[in-house]
1. Hey, fewest Cβ within 10 Å first, where do LEU107, LEU73, LEU135 land in order?
2. Under 18 Å from a point 7 Å along the Cα-to-Cβ line of ARG268: which residues of segment 167-198 have their amide N that close?
3. Among TYR353, TYR232, TYR169, what is the fewest-to-most ranking by other Cβ atoms within 10 Å?
4. Give the cross-link partners of LYS348 among the aspartates and glutamates, using a straight C-alpha distance below 13 Å as the criterion and excluding same-chain residues fewer than 8 apart.
5. Past the 23 Å Cα-Cα mark, which pairs from LYS134/LYS170; LYS201/LYS288; LYS240/LYS312; LYS36/LYS170; LYS313/LYS358?
6. Which ordering of ILE180, ILE137, ILE224 is given by a fewest-first count of other beta-carbon atoms within 10 Å?
7. Quick one: 3J(HN,Hα) in Hz for segment 141-152, Karplus 6.51/-1.76/1.60 with θ = phi - 60°, rounded, Gly and Pro as x.
8. Net charge near PHE337: determine it from the other residues with C-beta under 11 Å of the C-beta of PHE337, scoring Lys and Arg +1 and Asp and Glu -1.
Amino acid sequence: MKFIRTAIFAALAGLVILGAPSLAEAQDRASRSIKKNDRDGDGRISRDEWQKRPRLFQKIDTDGDGYLSIGELRARFGEGANKAGAPTPSKASKPSPKAAPAKSARLLDGQVSTDALDAETLCGIGRGRRCDIKLAIKLGMFETGLRPLFPAGAQCRDIDEQWAIDYTYKRNRENYHGGIDMPAPFGTPMIAAAAGTVVSKTGDPDSYRGIEIILRHSPEDTGIPLWIYSQYAHFDAMPKHQVGQRVGIGEVLGPTGNSGRRPSRARRRKRARRPAIHFAVWFSASPKFVVRGNKIIPVKGRWMDPNALYRKKPPFDSPAMKALPGPEKKVPISIMFEDGKVHPAGSKIVWPYTCKRK
Ligand SMILES: [Zn+2]
């Protein structure tokens with residue numbers, strides 16, 4: 001009996017190693033799991049729909065919102081691969097050159113475990129479904145009145161949905177816009193606002209932001225004595241950059257699209273989302289950050305009105321931005337022209353779309 005159990009275990013372990021899934025396979029398994037368990041068809045698995053171990057549910061539900069999203073499931077299946085020994089190549093499993101490398105279990109520079117987060121930051125930045133939105137407001141998610149002032153000689157893509165406007169009507173619960181949107185035709189390149197390192201890249205169909213990438217910028221990258229994170233969302237295609245890769249200022253991240261789950265009101269009206277970038281910024285004095293499913297949460301992080309980034313010097317916090325005198329609320333924006341020239345020369349931060357010369 002003992003021998004049989006050992007044999008079965010060994011066979012299963014072998015299967016896991018041989019079947020060490022690539023990201024594409026992890027995505028596939030996540031989709032199948034949703035298909036199998038999601039009885040009410042909302043694209044995710046609730047606690048009731050999950051008929052397996054409740055503790056496993058808790059483990060997979062990294063943002064603690066009481067639902068398993070496809071991103072969380074994919075992360076789970078990806079992790080399983082690493083634990084089983086992937087991506088170590090062996091004679092038995094020839095590594096396919098086309099397969100995406102499995103998410104490394106190795107931590108990124110600055111990445112720490114979730115224990116480093118206090119409950120307020122976890123909820124205020126992570127904004128899980130069970131989190132009180134007041135915590136996000138406390139950490140800076142409210143309107144400041146800042147507006148971009150583009151250089152006189154440049155024609156730039158302007159904001160159509162401002163920072164922290166009321167999104168309650170879009171989400172069916174109190175919520176605010178966590179970034180700024182600039183509409184642009186499909187395919188318009190989104191560019192890195194500063195040099196940095198890719199810390200997240202996801203394409204969760206359950207997310208309102210769709211295909212997105214997050215960069216982490218050191219004080220040297222921006223000339224600002226803080227750690228800054230910039231998020232670019234609604235790509236039309238998955239950016240080619242890998243997590244951990246360095247990018248330069250103005251480097252093309254990928255094409256603009258309208259990926260992501262549509263707000264319920266738009267779904268009812270069968271209206272497509274316009275193509276646009278969703279651009280968001282967080283900051284912290286601490287270099288540490290946590291990866292929670294699809295989210296990056298800086299330790300002691302704060303929300304930043306993305307316009308404030310272009311002030312290029314502290315303070316950046318929303319209470320200080322809101323208190324600025326009127327004329328200072330027009331923030332001169334540093335930009336990159338289509339030919340790659342930065343204006344004003346030497347700027348370490350640029351608008352996430354290039355501008356045309358007038
Ligand atoms: Zn947005």
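1. Lowest count first: LEU107, LEU135, LEU73.
2. 167-175
3. Working: TYR353 21, TYR232 25, TYR169 10.
By the 10 Å Cβ count, ascending: TYR169, TYR353, TYR232.
4. Those aspartates and glutamates meeting the cut-off are GLU220, ASP221, GLU251.
5. Result: LYS240/LYS312; LYS36/LYS170; LYS313/LYS358 exceed 23 Å.
6. ILE137, ILE224, ILE180
7. Values per residue, Gly and Pro as x: 7, 8, 5, 10, x, 5, 9, x, 10, 7, x, 4 Hz.
8. Working: positive: LYS341, LYS356, ARG357, LYS358; negative: GLU338, ASP339.
For residues surrounding PHE337, the net value is +2.
Every read-out reported here was derived from the displayed coordinates using simple, explicitly stated rules and does not represent laboratory data. All of these numbers come straight from a predicted model, not from anything done at the bench. Every residue, glycine as well, gets a Cβ built from its backbone with ideal geometry; the counts of neighbours run over all protein chains shown.
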